[in-house]
Amino acid sequence: MLLLDLDRTLIDLQSFTDYAAALDDVRALLGEWPDADVPDTDWDRPTQACMSVLHALLGDPRWNAVSDAIAVHERAAVSQGVVMPTVTDVLGLLRSVPVAVVTLLPLDVARQALVSHGIGVGPGEPVDLVVGRDPRIRPKPWPDGLLAACDRLGATPGQATMIGDATWDQEAAARAGAGFLGVPSSPTGFAPGTAVAPTLADAIRHVLGQ
């Protein structure tokens, strides 16, 4: 089973999402918020801050309003997003194995991004299932989304490999007990010694033994 990140793994939305404006909207809603204990990444500061505040507010009634404020900017980026290199080369391969996308994006944004960029979701499509941002599921780097995907597709975490571009994907896989293979989108994406592949196609073929 394959567990795939979306942003900068399948489609680059992050480069076109104004997370700085989203962060301003979050500040207008909250003023101050507690720090969240999350891993460092190669994301820019506004992107990491927006994702971190969603961790800091888990269980807080303001979570939905903050998520919705950020989602306005993520949704606006869908039409500008760019499919990552080699993704189209392996869409056929994805149909041969259960595939779930586990993403920090809201479910509706993730599905819209995938389908509008030619990556179908559903029976017979390259992606069987999408697990998106949800107040009931702790987001990556927590393992909850990966575990939910495995459960819904009838696999154990030990039968799954997560492929993603960020340390949050890597840590979520480790916490879930799944394998991990990185597809770094920058030279500083992962610590030395991390198992990585140069492209998504290379990563998928490696995991499938092709």
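From most to least packed by mean Cβ count within 10 Å, the peptides 125-134, 166-175, 75-84, 58-67 give 166-175, 125-134, 75-84, 58-67.
Amide H contacts of Asp42 (H built 1.01 Å from N, in plane; Pro and chain starts excluded): Thr167 sit under 5 Å, all sequence-distant by 5 or more or on other chains.
Each residue of segment 8-22 was assigned a 3J(HN,Hα) from its phi angle through the Karplus expression (A = 6.51, B = -1.76, C = 1.60, θ = phi - 60°), giving 6, 10, 9, 9, 8, 9, 4, 5, 10, 9, 7, 5, 5, 5, 4 Hz with x at Gly and Pro. Applying Stokes-Einstein at 20 °C and 1.002 mPa s to the Kirkwood radius of segment 1-43, computed over alpha-carbon pairs, gives a translational diffusion coefficient of 164 µm² s⁻¹. For segment 102-148, the fraction of alpha-carbon pairs lying more than 16 Å apart is 37 percent, rounded to a whole number. For segment 14-79, the alpha carbon positions stretch 32, 25, 17 Å along the principal axes, listed from largest to smallest.
Near the amide H of Val131, within less than 5 Å, lie the amide hydrogens of Val101, Val102, Thr103, all on another chain or at least 5 residues away, with H placed in the peptide plane. Per-residue ellipticity at 222 nm computed for the chain from its helices equals -11000 deg cm²/dmol, with DSSP H segments shorter than 4 residues left out and the rest contributing -39,500 (n - 2.57).
Taking θ as phi - 60° and the Karplus parameters 6.51, -1.76 and 1.60, the scalar couplings of segment 88-97 work out to 5, 5, 10, 4, x, 4, 5, 6, 8, 8 Hz in sequence order, x denoting glycine and proline. Working from label points 7 Å from Cα in the Cα-to-Cβ sense, the Asp40 to Arg136 distance is 3.7 nm. Stretching the chain fully between Arg27 and Ala76 yields a gain of 15.7 nm (0.36 nm per residue, less the alpha carbon separation). Going from the fewest other Cβ atoms within 10 Å to the most, the residues Phe16, Phe190 appear in the order Phe16, Phe190. Segment 168-206 and segment 1-58 have Cα centres separated by 19 Å. In a reduced charge model with +1 at each Lys and Arg Cβ and -1 at each Asp and Glu Cβ, the chain shows a dipole moment near 480 debye about its Cα centre. Convex hull volume per residue, computed on the Cα atoms of segment 125-210, equals 110 Å³.
Under 5 Å between amide hydrogens, built in the peptide plane, is the criterion, and for Phe180 it picks out Met162 among residues at least 5 positions away or on other chains. Computed over segment 1-136, the quotient of the alpha carbon radius of gyration and 2.2 N^0.38 Å is 1.08.
Each value in this text was obtained by applying a stated rule to the coordinates, not by laboratory testing. Just so it is clear, the model here is predicted, and its values are computed rather than measured. When we count neighbours, we look across all protein chains shown, and the Cβ atoms used for this are built from the backbone with ideal geometry, even at glycine.
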